[in-house]
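A quick write-up on the structure given underneath.
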Amino acid sequence: MEKYAQLDMGLKSEIITNIGNCYHQQNLYNDALEKYREAIRVGEISEEINYIKAKNYNNIGNLYEIVKTPKDSAYYYYCKAYYYFKNDHKNTQIQKKNTIGATICTNLGELWSTKNRIDSSKYYFNKAALYNNEAKDIILAAVLEHKIGVLYYNSHDYKRAEYHLEKAKTVFEEKEDIYKLSDSYNLLSKLNKILGNEKKHTEYQDLLFTVEKKINTVQGSSRAATLDNVIKEKNEVFRKKEVRLYWIITIILLITLLVIIFSVYSHKKKEDSSSLTLLKERDIIQQKEIEANELKLKINESFEEVVQLAKDNSPEFLIRGVSRRNGKYSTLSIKSIDFKILIEDLNNILISKTSKLTFFKFVFLRPNIISSQMNMFLT
């Protein structure tokens with residue numbers, strides 16, 4: 001299954017590369033560049049990844065050779081393509097492999113030719129010829145002949161230039177390659193004008209005019225199809241972005257809604273908890289107040305009862321008073337009185353020799369005062 005998946009990725013990458021070539025022919029260089037890079041990404045899991053990279057980096061080099069910017073970008077991508085070609089050890093299709101090798105070396109030779117580096121140019125043209133001997137690609141051989149002819153043309157070696165250009169032209173005519181014929185006819189027309197051969201010059205001019213009409217016709221129909229394809233791709237990309245944006249917004253809204261619901265729930269729960277705590281505290285306070293009132297009531301009732309017994313000089317005063325003193329309500333809060341008044345009251349009680357019950361009443365009703373004042377007196 002994995003092997004079939006790799007084959008599918010290799011085939012898909014090849015299709016994407018061909019789409020990029022169509023864009024290239026229609027001068028849609030940015031779209032072509034995008035497709036070549038996409039082909040490399042798609043082919044990453046393929047066993048032919050080195051071949052795919054070599055082919056597409058070579059195509060990218062062709063694009064930069066046309067636009068000329070950034071400087072030396074074409075040379076960089078040609079060298080990168082050549083590196084992956086040399087490291088394509090898994091490719092068992094020798095002819096296919098050598099074809100891309102010959103193509104890369106041909107482009108490098110042409111690049112050095114434009115820089116008037118004749119020796120470097122010939123070096124790569126010779127390597128291209130060696131690779132193509134294995135590949136046996138007739139069109140590629142003709143392209144190599146044409147580019148060698150351009151090299152000699154730029155070097156002003158017109159006789160050699162004519163020889164190689166004529167060889168290339170013959171193959172292009174047999175294969176009816178109108179794009180390459182356009183280049184051949186254009187250069188041969190200029191060459192014959194330089195050589196003073198007006199008849200051939202005029203002949204190639206007419207051929208060039210005819211070929212360019214065909215190119216315009218083909219490009220007109222293919223450009224419409226290519227533009228339709230570009231529009232469809234752009235619309236599909238826009239649609240996918242729109243759908244992605246919709247889902248992102250939906251997810252953000254859902255998360256926001258959940259956060260709001262959680263916050264409201266937490267706040268409500270906190271409020272309920274606070275209200276419950278407050279109610280419990282109120283209940284406790286009310287309970288304490290009730291108990292305090294009951295206690296106060298009992299204290300007052302006991303105190304008033306004892307006082308009444310004291311006033312009545314009842315013998316039950318000692319029993320009830322002591323039981324109250326030793327029980328729950330023994331602590332009575334009585335304000336301090338003047339020490340002299342206290343001594344005077346005691347003297348009157350003792351001198352008048354009143355009943356001991358009166359004395360005990362005094363002691364019961366004012367125990368804290370007697371104790372503290374006696375301590376101060378003794379001190």
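The values are calculated or read from the model by the stated rules, or taken from the named source; none is laboratory data. This structure is a prediction, so every number in the text was calculated from the model and none was measured. Neighbour counts run over all protein chains shown; Cβ positions are idealised from the backbone, glycine included. The accessibility values were calculated without ligands, DNA or RNA, using every heavy atom of the protein model including side chains. Shrake-Rupley method; radii C 1.70, N 1.55, O 1.52, S 1.80 Å.
The table below gives the values:
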{"quantity": "Residue within the stretch 59-77 that is more than 27 Å from SER155 (Cα to Cα), open to solvent by 50 Å² or more (accessible area, probe 1.4 Å) and not aromatic (Phe, Trp, Tyr) present", "calculated": "no"}
{"quantity": "Test: residue in the stretch 163-185 that is among the basic types (Lys, Arg), crowded, with 16+ Cβ neighbours inside 10 Å and touching a Leu at 6+ places or on another chain (Cβ under 7 Å)", "calculated": "yes"}
{"quantity": "Odd one out for TYR82, checked against (1) open to solvent by 30 Å² or more (accessible area, probe 1.4 Å); (2) hydroxyl-bearing (Ser, Thr, Tyr); (3) within 34 Å of the chain's Cα centre (by Cα)", "calculated": "(3)"}
{"quantity": "Scan of the stretch 25-48 for residues that are touching a helix residue (DSSP H, G or I) at 6+ places or on another chain (Cβ under 7 Å), over 29 Å from THR92 (Cα atoms) and either open to solvent by 90 Å² or more (accessible area, probe 1.4 Å) or assigned to a helix (DSSP H, G or I) (or both), ordered by number", "calculated": "TYR29, ASP31"}
{"quantity": "Single residue of GLU236, GLU198, GLU203, GLU173 found to be of a type outside the set (Val, Ile, Thr) and modelled with pLDDT under 90", "calculated": "GLU236"}
{"quantity": "Subset tally (residues that are modelled with pLDDT under 95, among the aliphatic types (A, V, I, L, M) and open to solvent by less than 20 Å² (accessible area, probe 1.4 Å)) for the stretch 101-139", "calculated": "2"}
{"quantity": "Given (1) loosely packed, with under 14 Cβ neighbours inside 10 Å; (2) more than 51 Å from the chain's Cα centre (by Cα), number of the condition GLN95 does not satisfy", "calculated": "(2)"}
{"quantity": "Output for the stretch 163-203, where each listed residue is touching a Ser or Thr at 6+ places or on another chain (Cβ under 7 Å) and either not charged (D, E, K, R) or not in a helix (DSSP H, G or I) (or both)", "calculated": "LEU165, ALA168, PHE172, HIS201"}
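Residue-wise test of (1) within 55 Å of the chain's Cα centre (by Cα); (2) of a type in the set (Val, Ile, Thr).
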residue	(1), (2)
ALA161	no, no
VAL171	yes, yes
ASP177	yes, no
ASP183	yes, no
LYS200	no, no
